[in-house]
Each structure stands twice: as structure tokens, then as C-alpha cells.
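To keep things clear, I will list the structure first and then write my remarks on it.
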Amino acid sequence: MPVALRRRLPRLATSSFLVAGDIASYLVAYFVVLSFFPSGLEGTLAARTFTIAALAAIILYASAGLYPGYRLHDHEHLRRRTVAAVKVAVLAAFGAVILPEGERLLLAIIGFLALGLIVQPFVHWLARGLCWKLGVWGERAAVIGGNLTPALVAHFKNHWQYGIRPEAISSDNLEALPDGGPCIAVIAGDRGALAPDLAAMRRKFAEVILLSDTPSLKVSGLRPADVGGEIGIRLTNSRSSVNSDLVRRILDLAIAIPASIVVAPFIAIAAAAIYAIDPGPVFFRHTREGLSGKPVHVLKLRTMYQDAEQRLEAVFRDDPNMRAEWLSHFKLKDDPRVLPVIGHMLRASSIDELPQLVNIIAGQMAFVGPRPFPEYHLSAMDSEFRDKRRSVTPGLTGLWQISERSNADIELQQQLDEFYIDNRSLWFDCQIILSTIPAVFKRRGAY
């Protein structure tokens, strides 16, 4: 079999699985819509309209590079899918003007497309996992990163969803690579040292990627792919525009106000359980650092004994290993301060954080952002990074919470927060919000 065809087959198989998954998602959405609109949508015209809408969306997905969608962050997948669905909805709106009963049909199509967007990420996850199990997901990539090479190889093996199957290659051994070797080169490290080899690499590989920083691995690189027609790459600060801040605020209120009403009974039950085990105040307010360094009084359900500080000091005196764990993570897996049963349950499920919806409504916090850490936690971070944290509003959830939670040490926490601040966008925020729910249910790293 020719080398080019052998390379294309796995990509074609993967794309076929993903397309089939999107078709299945739209079928699910179609039957759900029929249950809500039982009359008037069973005809041939309605069926054809839904079919055309789904086909148009899938064609737009393909044109946006989502099949197979390798080397894209999850929030970029979300952005491209949403943009495609909105385009189809706009076209449907124009069609509704000329169709009989078009307004009723338009509402059903919008619901159909919205349901598809909700179902597709789950089906897409299943399809990617199946392709990974079958060994057809991803493309072989030569990783050239000097001292960073082992860390990069481990990173892409752990985060296989990026579609990179890494192979450690030295830049000195490029000429010895066979024709059937990796078709992609992923480069990180000193650009000046690699500059003379870039021309040779472009001849050797179908694609050369100068790697950018990743959420859990800092390489301080650039990613000059898809620069949007600009003459070069622009280096800009991470400050948000006034419009995006306004949209974030509206989104925060739209979620926080109804959510606070829904969770109020759960907070009341938890508060009663806390009082039964350790009578006293069931809420506590802790002063944290917020936007521009302003103090934020973070509201939480109390999950610790009232004499928690004395208990912590006693543990440090008796067990040096516990002190070392605290200095690394500022958390303890077997924390003697935590209330039995209810305290561990509230912390593992993050229910103790729900009162912070009040902080969000008051504008002191946002739904997504770096967590507002106590002073003792911030003091372990360098002053430059602390200044960067002060440039954004602290959040109820963030990249750290959906990635590592309590398993992350200080260095990794800083890396994840810095990546979020540098790449902050509304789409990134939406992806983090959508990923928070499964992260809470998995309870990985929560204690």
C-alpha cells in the first residue's frame, strides 16, 4: 500500500466515526423535538427541513476542520460547532419567511440544532474513545524539544485527545527517518537554535508545528498556525474588552440567580447537618484577594471544626510528613480539621462552595476565573504571577478545578491559572463551565 494512502486511512476512518456520531446526535435531537412538537412536524416537508439543517451543519463542521479535529482545544471545538449551528439557524430564519407555517418550523429547527450541540460533545467523546481503542485516532508526530522532549512525549500520551501520537526524535537524526515515519514535527524550545533546520524540516514533514504553551506544560513557544490573514503574529496583553466583560457579567447573572434558587434547599440541609455535628455558625467568610487586589469575603459552608487551626498546629508538631504535604499543596488528604462524614462529602462534591453564588451576584466573583486563594497560599507564588492573577476576577470554577483539583502542586496550579489568563475567552469560559459538572461527579483530586 502506498505510504500516502496508509497515512490517510486512519484519518478517514476517524472522520467517518465522528460524522456518524454527529448524525446519531441529530437523530436523537429530532425525536426529542418531535415529542415537544407532536403535531405539524411529521410531514415530508418538516422531515426534509430537519435533514437539510443537519446536513448543512455537518458540512460546516467539515469545512471548519472538525473531522477529525486534531490538535484543537476543547473550547475551540465548542466555538466552531456553535458558529456553524448559528449559521444554519440564520439560513433557516430566511427560509421560514417563504415556507408555510415557517415560524413554527423555525422554532423547532432552532431547538433541533441546540439539542444537537448538547448531545454531540458526549457522542464525540465516545467516538474518539472508540477510535483510540481501535488504534486509528491521531497522527504520528516527531517531537523535537531538546530537554523538554520526555515531558512533551508524556504530555501528549496522557492527553491523547489532541490527536498527536508522539515519538521522541533528535534534530540530528532527521535525515535517518524512513519515508513511512511521522508526517508531523512538533517543535519546542529555543527557536534560534532550530531556525537553520526549519527549511529542512518543512521538506521532511507534511506539517511543522512550533508548539505553544499547554495547560499543564509550559514551553514558552509560539503557534504560528491560522493567524487569521495577519502579516504576522501579534503579541497582545490579556485584558478583556469592555464588551466581553459585559457579556460575561450577563452570563454570570443569568446562571447564578436561578442556580441560587435551585440549590437553596440543599444548602439548608447541609447547614442543618453541620450544626448537628458541631454546633455553631454554619457559614464562614474568609477574606481573599480579588480583582485589582481588592479584598473579597468568600462565603462557604463550614466543613471544619471551629478549632480547626489548633488541630492543624497539633498535627504539624506530631507529623513532619503532613507539614511537607501542606507546604506542597496547602491541602491534606487526611485532614483532621474536617468534620466527619458531612465535611468530606461537602468538600468532595464542592457543595460547600455553592454559597459563593452570592459573591457572583454581588459582582465580587465570576463563574470562571482563578480561584481566590488565601494569603498563605498566594505567598508561595512569585510576585509577577500574583500581579497577573489580580488582572482578572476570581472565579467559582476554573481550569485548575476541571484539570487536577487538589492533586496539583503550587507549580502546576500556577501553570494552569497562567494558561487560562493568557488564553481567556468567552468560549474558553463556556467550555470550563460545561466541564465542571463531570469533574465534580468524578471527584478526582477532591478532598
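Give, in nm to one decimal, the length gained when the segment between residue 203 and residue 333 is fully stretched (0.36 nm per residue of separation minus the Cα-Cα distance). Before the final figure, lay out the partial values.
On the way: separation 130, 0.36 × 130 = 46.80 nm, distance 5.19 nm.
My answer for the length gained is 41.6 nm.
Under a 5 Å amide H cut-off, with hydrogens placed 1.01 Å from N, residue 214 pairs with 219 among residues at least 5 apart or on other chains. Length gained on full extension, residue 268 to residue 154, computed as 0.36 nm times the residue gap minus the Cα-Cα distance: 36.5 nm.
With r as the distance between the Cβ atoms of residue 255 and residue 310 and R0 = 35 Å, compute the FRET efficiency 1/(1 + (r/R0)^6) and round to 0.05. Between residue 310 and residue 255 the formula returns 0.35. Of the solvent-accessible surface of region 55-114, computed with a 1.4 Å probe over protein heavy atoms with every protein chain present, carbon and sulfur atoms account for 70 percent. The modelled label-to-label distance between residue 434 and residue 324, using points 7 Å beyond Cα along the C-beta direction, is 4.3 nm. For residue 170 and residue 410, the FRET efficiency from 1/(1 + (r/R0)^6), where r spans their Cβ atoms and R0 equals 30 Å, is about 0.35.
As a test of understanding, state the convex hull volume per residue of region 44-144 from its alpha carbons, in Å³. Mind dumping the intermediate values first?
Numbers: hull volume 10.8 nm³, N = 101.
Considering the Cα atoms of region 44-144, their hull volume per residue is 107 Å³.
Got a number for carbon plus sulfur as a percent of region 253-342's accessible area, 1.4 Å probe? After summing per-atom areas, the C and S share lands at 63 percent. Relative contact order for region 289-447: 29 percent, from Cα pairs under 8 Å spaced at least 6 residues apart, divided by residue count. Placing a label point 7 Å from the Cα of residue 91 along the Cα-to-Cβ direction, the residues of region 15-34 whose backbone N falls under 19 Å of that point are 19-20, 22-27, 30. With protein chains left intact and a 1.4 Å probe, residues in region 42-151 average 51 Å² of accessible area per residue. Were the residues from residue 283 through residue 147 laid out at 0.36 nm apart, the gain over their Cα-Cα distance would be 44.1 nm.
The values are calculated or read from the model by the stated rules, or taken from the named source; none is laboratory data. Not measured: the values here are computed from a predicted model. Counting neighbours? That spans all protein chains shown, and the Cβs are built from the backbone with ideal geometry, glycine included. All accessible areas refer to the heavy atoms of the entire protein, side chains included, with ligands and DNA or RNA removed. Shrake-Rupley method; radii C 1.70, N 1.55, O 1.52, S 1.80 Å.
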